[in-house]
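The values are calculated or read from the model by the stated rules, or taken from the named source; none is laboratory data. What you are looking at is a predicted structure, and each value in this text was computed from that prediction instead of being measured. Using ideal geometry, Cβ is built from the backbone for each residue, glycine included, and neighbour counts are taken over all protein chains shown.
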Amino acid sequence: MKIRFLVFDIYGMGGTVRTVLNVTNYLAQSGYDVEIISVFRYRKVPFFEIDPRIKIIVLHDVASRRKDDTSLKTKTANKLAKMKSRLIHPDDEGYHFFSLLTDIKLYNFLKTISSGILVTTRPSFNIFASKYANKEVRIIGQEHLNFSIYPENMKKSILKHYGKLDYLATLTDEDTMDYTQLLKGGKVKVKKITNSIPNLQGVISPLDSKTIIAAGRLVPQKGFDLLIEAFKIVNQQYPDWKLKIFGDGREKNNLQDLITKYKLYNHVILMGSTQHIDIELSKASIYALSSRFEGFGMVIVEAMQCGVPVVSFDCPKGPSEIIAQNEDGVLVEDGNVEKFAESLMELMGNADKRKYFAKNGIDNVKRYEIENIGKIWEETINENLYNTNNQPVNSLV
């Protein structure tokens, strides 16, 4: 039985790529036949390590495209690539990357899959597969955000098509309850399968560095502008501390302008991306999560794994499920920049509290280790060997 994961770009960086590879690497090491279908490839070398036993299929290889190719096939492809996608939902965050060309490639490839399990990793892929995948293929859709976050048209499409999935994997208890209620009446089974953390490569932080760390795509969702606003307050009392923000994205110039505006250029540093955030975490004393919303907050778990206490906005929907308030971290009223600054300063000035949080956090996040989450995936795969009447699915046995 082949298990296929459909992703945007497995060669890129980001939380979805990292967590997909945690799972697929585990499954490959456990003897499963795993294949990753990457719609795009923008890098020649993958950002994260991929188990060599995993077969990678790239549908649209941008990284290897030859600019001097003037063949009719290439000219036709280039023309199609300039036309808007008609099959990817227009509310998809990455809609502008898709085109009529990627529609054709994705649709044609999907039609070649006649058996096995297909795991789809974003709403537009969940919808796409529910509409166009062959009936013999079992579909496990992954949902990384709470339903309330989406625009109205995406909500309508989710309600219309998610019920046709076989499984919907959600990240939090609240999401599981919400989607179960929303999709009742469809054949889909909603099941909580949280993201997992890989084995730690760095060391546990000694918590003696005057460094706060944050990481993620430089996009409005991650709220790094709010974090810089908070650090402006912090810097007045703790001028010897630094804030390091890891990641790349379209907000980089705006964030740099904000740093310059507040004259924080010696204190707030945009570090770019890193393959090994755990190594960087081991050099920090506090992790700050300033997101406006999160699907889960995987980096919270990674920080705790490295013994770094977390200050996080209590944004929808993941942080409150991970952090035990004032036991292994601090949840701050959503969007309250002044309170966020106060919570940072309280930890900055209290080494014993940092160590207390760190010790509890290390124990807390063992539940997210890949050995535990991997077993849930194996159970889900085995459940998909049978249909609702407990009869073997012919194409899978």
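Key figures
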read-out	value
All positions within region 16-42 that are in contact with a His (Cβ under 8 Å, 6 or more places away or on another chain) and either closer than 26 Å to Val301 by Cα or hydrophobic (A, V, I, L, M, F, W, C) (or both)	Thr16, Val39, Phe40
Of all residues in region 21-36 being crowded, with 22+ Cβ neighbours inside 10 Å and out of contact with any helix residue (DSSP H, G or I) (no Cβ under 7 Å at 6 or more places or on another chain), the one that is nearest to Pro198 (Cα to Cα)	Leu21
Which listed residue, of Phe125, Phe109, Phe97, is crowded, with 21+ Cβ neighbours inside 10 Å, at negative phi and of a type in the set (Phe, Trp, Tyr)	Phe125
Residue within region 200-210 that is touching a residue at least 24 places away in the same chain (Cβ under 8 Å), over 27 Å from Asn360 (Cβ atoms) and buried (at least 19 other Cβ atoms within 10 Å of the Cβ) present	no
The one condition in (1) of a type outside the set (Gly, Ala, Ser); (2) modelled with pLDDT of 95 or more; (3) more than 16 Å from the chain's Cα centre (by Cα) that Gln142 fails to fulfil	(3)
Within region 164-193, tally of residues that are at pLDDT below 95 and crowded, with 22+ Cβ neighbours inside 10 Å	3
Complete set of residues in region 24-34 that are of a type outside the set (D, E, K, R) and either in contact with a strand residue (DSSP E or B) (Cβ under 8 Å, 6 or more places away or on another chain) or part of a strand (DSSP E or B) (or both)	Thr24, Leu27, Ala28, Tyr32, Val34
Positions within region 188-225 being in contact with a strand residue (DSSP E or B) (Cβ under 9 Å, 6 or more places away or on another chain), hydrophobic (A, V, I, L, M, F, W, C), under 20 Å from Ser285 (Cα atoms) and outside any strand (DSSP E or B), in sequence order	Leu207, Phe224
Criterion violated by Glu35 - all others in (1) within 24 Å of Ile113 (Cα to Cα); (2) in contact (Cβ under 8 Å) with a residue 60 or more places away in the chain; (3) not hydrophobic (A, V, I, L, M, F, W, C) satisfied	(2)
Test: residue in region 35-45 that is among the hydroxyl-bearing types (Ser, Thr, Tyr) and part of a loop (DSSP other than H, G, I, E, B)	yes
Pair list, Cβ < 6 Å and 6+ apart or interchain, from region 346-370 residues that are under 30 Å from Gln29 (Cβ atoms) to residues that are assigned to a helix (DSSP H, G or I) and of a type in the set (S, T, N, Q)	Val365/Gln305; Ile370/Asn22
